[in-house]
Amino acid sequence: MPTQNRREESAAATRQLLLDAAARMFSQQGFAKTSLSDIAARAGATKGALYHHFSGKEALYASCYEQQAAKVAAIVRAAGTSGDPWQDTLEKCRAFLGCARLRHLNAVPIQEAIIVLGWQRWRELDSAHTMGELELALARLSDAGLLGSFDRRLLADSLFAVLVSAMMTLSESRDRAATEAELMRQLSAFLSGVMSASNRPIESEGT
């Protein structure tokens with residue numbers, strides 16, 4: 001194997017070790033209590049190696065969160081494959097919520113991510129992954145004639161906001177099973193309402 005390829009593979013492996021160590025520590029201790037020195041030590045790397053891959057603590061946190069968002073999107077993508085657009089959309093919503101209790105994700109709380117990264121940066125990272133899956137699910141509902149003339153992009157935006165809020169509620173719940181069941185009942189009602197409204201004229205403001 002050429003020396004250049006070995007170096008690139010070694011660098012990629014080191015970067016992933018740093019990301020994995022950082023994700024675990026950020027999820028366990030939070031952003032403020034996690035130091036770059038501790039992350040490097042846990043990854044078995046030098047602090048210099050860390051700075052070679054990431055410009056600083058916030059950049060590393062952003063990369064961890066983007067990796068997390070990609071994992072969530074993959075879970076949502078794999079859910080709801082029955083071919084029934086309604087049931088598949090609900091299953092994708094359920095899969096999204098379920099990520100709040102998957103410990104192997106080493107998930108950093110959304111609440112903290114918004115504070116650390118800022119609303120706009122957090123929104124960019126999250127929507128670049130999960131939003132696409134929601135748009136595809138809604139596109140299938142639309143193709144089945146269930147969404148009427150609603151703008152799919154705006155509707156995906158609204159659904160994403162509802163799901164994020166629901167996930168934050170679920171992550172703080174003491175009875176996650178009961179809370180998840182109730183949230184899914186409400187999400188089903190929300191989507192049913194959208195589909196029902198798509199079949200009747202929407203009154204303009206002031207009428």
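The values are calculated or read from the model by the stated rules, or taken from the named source; none is laboratory data. All of these numbers come straight from a predicted model, not from anything done at the bench. Backbone-built Cβ (ideal geometry, glycine too); neighbour counts: all protein chains shown.
Listing for the model above:
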| read-out | value |
| --- | --- |
| Test for residue 174: is it of a type in the set (Lys, Arg), over 21 Å from residue 85 (Cβ atoms) and surrounded by fewer than 13 Cβ atoms within 10 Å (Cβ to Cβ) | yes |
| All positions within the stretch 48-78 that are more than 19 Å from residue 27 (Cβ to Cβ) and assigned to a helix (DSSP H, G or I) | 48, 49, 51, 52, 53, 76, 77, 78 |
| Unmet criterion (only one of (1) assigned to a helix (DSSP H, G or I); (2) closer than 21 Å to residue 20 by Cα) for residue 107 | (1) |
| Test: residue 58 is farther than 23 Å from residue 114 by Cα and among the acidic types (Asp, Glu) | no |
| Test result for residue 45, in contact with a Cys (Cβ under 9 Å, 6 or more places away or on another chain) and outside any helix (DSSP H, G or I) | no |
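Let's see how each residue does on (1) at pLDDT below 90; (2) surrounded by fewer than 18 Cβ atoms within 10 Å (Cβ to Cβ); (3) part of a helix (DSSP H, G or I):
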| site | (1), (2), (3) |
| --- | --- |
| 112 | no, yes, yes |
| 115 | no, yes, yes |
| 121 | no, yes, yes |
| 126 | yes, no, yes |
| 131 | yes, no, yes |
| 139 | no, yes, yes |
| 148 | yes, yes, no |
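Let's see how each residue does on (1) among the charged types (D, E, K, R); (2) more than 21 Å from the chain's Cα centre (by Cα); (3) not in a helix (DSSP H, G or I):
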{"residue": "14", "(1), (2), (3)": "no, yes, no"}
{"residue": "21", "(1), (2), (3)": "no, no, no"}
{"residue": "31", "(1), (2), (3)": "no, no, yes"}
{"residue": "80", "(1), (2), (3)": "no, no, yes"}
